[in-house]
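J.: First the structure, which I've put down as structure tokens, then a few questions once you've had a look.
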Amino acid sequence: QVRLVESGGGLVQPGGSLRLSCAASGIIFSLYHMGWYRQAPGKQRELVALITISGNTNYADSVKGRFTISRDNAKSTVYLQMNSLKPEDTAAYYCKAQRGVDNYWGQGTQVTVSS
């Protein structure tokens, strides 16, 4: 059974930081590209950051220079370090494991940026 479990969300003030984690089980983690997505109320889910099996990364323009995605294959975990958070970063954040046609999603973790 494949499970992706996100953690690390919460309430933070503008300018603050959070680190999200996504622990995977039931897959050979190192064979999967990993991504972080977010969905704000009333909006479509969007890609935030992606890290490939070779460690290449890609970011949405809105988070470049503020967010960093990383992975630890030994721990089957992908991280999203979020700095200089803005109110518009408020959303539910989801991790996704992708390999060819195989796609798995986590249940999400809420990030709220507010003073």
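J.: ³J(HN,Hα) across the range 93-98 via Karplus (A = 6.51, B = -1.76, C = 1.60, θ = phi - 60°), whole Hz, x for Gly/Pro?
T.: Couplings: 9, 10, 9, 9, 10, 9 Hz.
J.: Just how large is the dipole of the chain about the Cα centre, in debye to the nearest 20, putting +1 at every Lys and Arg Cβ and -1 at every Asp and Glu Cβ? It would help to have the intermediate numbers written out before the result.
T.: On the way: 12 positive and 7 negative charges, 13 e Å.
Charge dipole, the chain, about its Cα centre: 60 debye, nearest 20.
J.: How many Lys pairs in the chain lie less than 19 angstrom apart by Cα atoms, where the lysines are 8 or more positions apart or on different chains? It would help to have the intermediate numbers written out before the result.
T.: Values: Lys43/Lys86; Lys43/Lys96; Lys64/Lys86; Lys75/Lys96.
The number of close lysine pairs in the chain is 4.
J.: Could you report the accessible area of Glu88 in Å², rounded to 10, computed with a 1.4 Å probe on the protein chains as they sit in the structure?
T.: Counting only protein heavy atoms, the figure is 120 Å².
J.: Which part of the range 24-45 falls in the paramagnetic zone of Gln1, meaning amide N under 18 Å from the point 7 Å along Cα-to-beta-carbon?
T.: From the range 24-45, the list is 24-28.
J.: Follow-up question, since we're still on this one. P(r) of the range 42-110 in 10 Å steps, Cα pairs, percent per bin?
T.: 17, 54, 27, 2
J.: Can you run phi through the Karplus equation (6.51, -1.76, 1.60; θ = phi - 60°) for the range 99-115 and list ³J(HN,Hα) in whole Hz, with x for Gly and Pro?
T.: For the range 99-115, the Karplus curve yields 8, x, 8, 7, 9, 10, 10, x, 8, x, 9, 7, 10, 10, 10, 7, 8 Hz.
J.: Give me a comma-separated list of calculated 3J(HN,Hα) values for the range 2-15, in order, Karplus coefficients 6.51, -1.76, 1.60 applied at θ = phi - 60°, integers in Hz, x for any Gly or Pro.
T.: Result, ordered by residue: 8, 9, 10, 10, 8, 8, x, x, x, 9, 9, 7, x, x Hz.
J.: While we're here: Using the heavy atoms of the protein chains and a 1.4 angstrom probe, tell me the accessible area per residue for the range 19-115 in square angstrom.
T.: Heavy-atom SASA per residue in the range 19-115 reads 51 Å².
J.: I'd like the carbon and sulfur percentage of the solvent accessible area for the chain, probe radius 1.4 Å, heavy atoms only, ligands and nucleic acids excluded.
T.: Numbers: 2780 of 6060 Å².
Taking all protein chains in place, the chain shows 46 percent carbon and sulfur surface.
J.: Same structure, new question: Using a Förster distance of 35 angstrom, determine the FRET efficiency expected from the C-beta separation of Lys64 and Ser25, and round it to 0.05.
T.: 0.70
The values are calculated or read from the model by the stated rules, or taken from the named source; none is laboratory data. Worth saying up front: this structure is predicted, and the values here are computed from it rather than measured. Neighbour counts run over all protein chains shown; Cβ positions are idealised from the backbone, glycine included. What goes into the accessible areas is simple: the full protein's heavy atoms, side chains included, and nothing from ligands, DNA or RNA. Shrake-Rupley method; radii C 1.70, N 1.55, O 1.52, S 1.80 Å.
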